[in-house]
Amino acid sequence: MKVIKLVSTCDIKDCPTIYATDRGTLLVQGETPTDHGLQIPAHETLVEIPMELIQKAIRDNLI
């Protein structure tokens, strides 16, 4: 899989980030919440990112 960084909240590697893949999908880097109370299948996970990251991606016409 090829991955391209689209937008991040900072320039270092440990910040919420959205990536595009050559599969036509997005990868999202963020915190893994544990206090959500949801039933998530073992093969899936939740990632929490700041709303400002989505707003920045839309404003910059990246998604």
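The values are calculated or read from the model by the stated rules, or taken from the named source; none is laboratory data. Predicted model only: the values in this text are computed from it and were never measured. In this analysis, Cβ positions are derived from the backbone assuming ideal geometry, glycine residues included, and neighbour counts consider all displayed protein chains. Note: areas computed on protein heavy atoms with side chains; ligands, DNA, RNA excluded. Shrake-Rupley method; radii C 1.70, N 1.55, O 1.52, S 1.80 Å.
Structure notes:
- Annotation: of all residues in segment 11-25 being surrounded by 14 or more Cβ atoms within 10 Å (Cβ to Cβ) and not in a loop (DSSP other than H, G, I, E, B), the one that is farthest from the chain's Cα centre (by Cα) is ALA20.
- Residue that is surrounded by the fewest Cβ atoms within 10 Å (Cβ to Cβ), among those in segment 26-47 that are part of a loop (DSSP other than H, G, I, E, B) and of a type in the set (Asp, Glu): ASP35
- Filtering segment 1-10 to residues that are in a loop (DSSP other than H, G, I, E, B) and touching a Lys or Arg at 6+ places or on another chain (Cβ under 9 Å) leaves MET1, LYS2, THR9.
- Taking every residue in segment 24-45 that is under 25 Å from LYS5 (Cβ atoms) and pairing it with any residue that is loosely packed, with under 10 Cβ neighbours inside 10 Å and among the basic types (Lys, Arg), at least 6 positions away or on another chain, the pairs with Cβ-Cβ distances below 9 Å are GLN29/LYS13.
- Restricting attention to segment 48-63, the residues that are within 17 Å of CYS10 (Cα to Cα) and assigned to a loop (DSSP other than H, G, I, E, B) total 4.
- Close pairs from segment 48-60: first within 18 Å of GLU31 (Cβ to Cβ), partner open to solvent by 100 Å² or more (accessible area, probe 1.4 Å) and not in a loop (DSSP other than H, G, I, E, B), Cβ under 7 Å, at least 6 apart: GLU48/GLU31
- Within segment 1-10, being under 19 Å from ARG59 (Cα atoms) and either out of contact with any Ser or Thr (no Cβ under 9 Å at 6 or more places or on another chain) or open to solvent by less than 100 Å² (accessible area, probe 1.4 Å) (or both) holds for LEU6, VAL7, SER8, THR9, CYS10.
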